[in-house]
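The values are calculated or read from the model by the stated rules, or taken from the named source; none is laboratory data. None of these values were measured; they are calculated from a predicted model. Here the Cβ positions follow ideal geometry from the backbone for every residue, glycine too, while neighbour counts run over all protein chains shown.
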Amino acid sequence: MLQNVLLERKIYASQEHKMMQGMIQDFIKNEISSQVESWEKEGMVSRDIWKRAGELGLLCIDMPDVYGGAGLDFSFSALFIEELAKKGISGPGFSLHSDIVAPYLIKWGTDDQKKKYLPRMATGELITAIGMTEPNCGSDLQAIRTKAEDKGDYYLVNGQKTFITNGYLCDMAIVAVKTNTGSSKEGVSLLIMESKWDGFEKGVPFKKIGMKAQDTCELFFDNVKVPKENLLGKEGQGFTIMMTELARERLSVALTAIGGAEGAIEDTISYTSTRTAFKQPIAGFQNTQFKLAEAAAQLQIHQAFVDRCTEDLSQDKLSSESASMAKFSATDMHSKVVDECLQLFGGYGYMWEYPIARMYADNRVARIYAGTNEIMKLVVARGLFKELFAQMKAMRQQKKN
């Protein structure tokens, strides 16, 4: 019904996209939806669903085929993200694994690192996470305290990470650490760490407001020995790498918001068309029609912008500012749409067995992770006033001298 009023999205119009969309929808219907309730009770998904996604070629979709990926462009990954979000499937952390960790390795890893980890990531045999946030710092990545001491042929890592997606199931994590602490060469570096190593411990999965099937937890490092060959990129290059790759992460969040909003609107159209009040369908009331018309318009507008960003990313042209705009704008839109849709469900919208209730609980964190929406606006503002900020910095430097 919703598709009757929305323009066709050219980014997903090819026959290949249509075929993959059908396969994804079957995968969700036949192999995921029936397991959501049990996953929520367990606080994590099964490892089997990771392997099944790998068998279907749905992990690391745009990874080069030489490493076991499908070798497709990012738009196919975007399609998978949206289809999961439409059905409110937030448990499997496929996107973090495929769209954040894998690109780090592809762009910055050595040949040995790529050969060791990427093929097993594509099959779902190896589940991955990324460790940036710490209890004492959120968006301020320069303030991390986890440190890696240089011991010659290895680093000795001590510290803690929190809010780690895929944390409990992960076999490997890319971890941000401080190297050369207390010296002029102090900086942030990235280390590839395997969870089987001595001193690498996992906390109990958090009990969260939403995303209850997602295994989010803390990671603890107590004198973990990390071989020097597991340094990702160069020493002290970690912050630059993270800032470079965050654009893709933020676009992935925006894509989730687009898919989630579409799913919420579709469910609400269906519900209000059959649920009656005062002897007529709820959809027969003008307020219902106006609310859903406004939601559809906002979805359409954001789809157009996010599609453009997806095309830019596929061509390696996506700017940090555009990704930040997409992230904060789409997640704000998603939250408003879900809230309005839940209202149209009435009391049933507050019941957990209705997908709209899960969507309401799940989507709230999107305005926090991958950089809060306030930080996103700051990134955009810095781009708008780049020359002014440079002049102000030069003036402060002159005063110091």
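Is it fair to say L59 is in contact with a Pro (Cβ under 8 Å, 6 or more places away or on another chain), closer than 24 Å to A261 by Cα, at pLDDT 95 or above and not acidic (D, E)? So L59 does not fit the description; no. Kindly establish whether Y154 is more than 27 Å from T372 (Cα to Cα), surrounded by 16 or more Cβ atoms within 10 Å (Cβ to Cβ) and either touching a Pro at 6+ places or on another chain (Cβ under 6 Å) or free of Cβ contacts under 8 Å to residues at least 24 places away in the same chain (or both). Taking the combined requirement at face value, the residue satisfies it.
On the given criteria, is E218 closer than 30 Å to S38 by Cβ, assigned to a strand (DSSP E or B) and not aromatic (F, W, Y)? Please lay out each step first, then the result.
Details: closer than 30 Å to S38 by Cβ: yes; assigned to a strand (DSSP E or B): yes; not aromatic (F, W, Y): yes.
Yes; evaluated as a whole, the condition is true for this residue.
Limited to segment 110-153, what total is found for residues that are more than 24 Å from R47 (Cα to Cα) and either in contact with a Lys or Arg (Cβ under 9 Å, 6 or more places away or on another chain) or at pLDDT below 95 (or both)?
20
Any residue at all in segment 237-252 that's surrounded by 22 or more Cβ atoms within 10 Å (Cβ to Cβ) and hydrophobic (A, V, I, L, M, F, W, C)? Yes, there is a match, as at least one residue in segment 237-252 is surrounded by 22 or more Cβ atoms within 10 Å (Cβ to Cβ) and hydrophobic (A, V, I, L, M, F, W, C). Across segment 58-75, the qualifying residues are those that are surrounded by 18 or more Cβ atoms within 10 Å (Cβ to Cβ) and not hydrophobic (A, V, I, L, M, F, W, C), and the one among them that is nearest to E353 (Cα to Cα) is S75. Considering the conditions (1) in contact with a Phe, Trp or Tyr (Cβ under 6 Å, 6 or more places away or on another chain); (2) surrounded by fewer than 18 Cβ atoms within 10 Å (Cβ to Cβ), F290 is excluded by exactly one of them, (1). Counting the residues of segment 79-137 that are in contact with a Gly (Cβ under 6 Å, 6 or more places away or on another chain) and surrounded by fewer than 19 Cβ atoms within 10 Å (Cβ to Cβ) gives 2. The residues of segment 37-85 that are of a type in the set (S, T, Y) and touching a His at 6+ places or on another chain (Cβ under 8 Å) amount to a single one, S75.
Test of understanding: among V306, V224, which residue is outside any helix (DSSP H, G or I) and more than 19 Å from A102 (Cβ to Cβ)?
Details: V306 fails: outside any helix (DSSP H, G or I).
Just a single option satisfies the conditions, and that option is V224.
Of the helices (runs of 4 or more DSSP H) lying entirely inside segment 1-111, those containing at least 3 residues that are closer than 19 Å to S314 by Cβ are 15-27, 74-86, 102-108.
Residues are listed down the side, and each one gets a yes or a no for (1) under 20 Å from the mean Cα position of the chain (by Cα); (2) without any contact (Cβ under 8 Å) to a residue 60 or more places away in the chain; (3) closer than 30 Å to F345 by Cβ; (4) buried (at least 20 other Cβ atoms within 10 Å of the Cβ):
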{"residue": "T256", "(1), (2), (3), (4)": "yes, no, yes, yes"}
{"residue": "G263", "(1), (2), (3), (4)": "yes, no, yes, yes"}
{"residue": "Q286", "(1), (2), (3), (4)": "no, yes, yes, no"}
{"residue": "D307", "(1), (2), (3), (4)": "yes, no, yes, no"}
{"residue": "D332", "(1), (2), (3), (4)": "yes, yes, yes, no"}
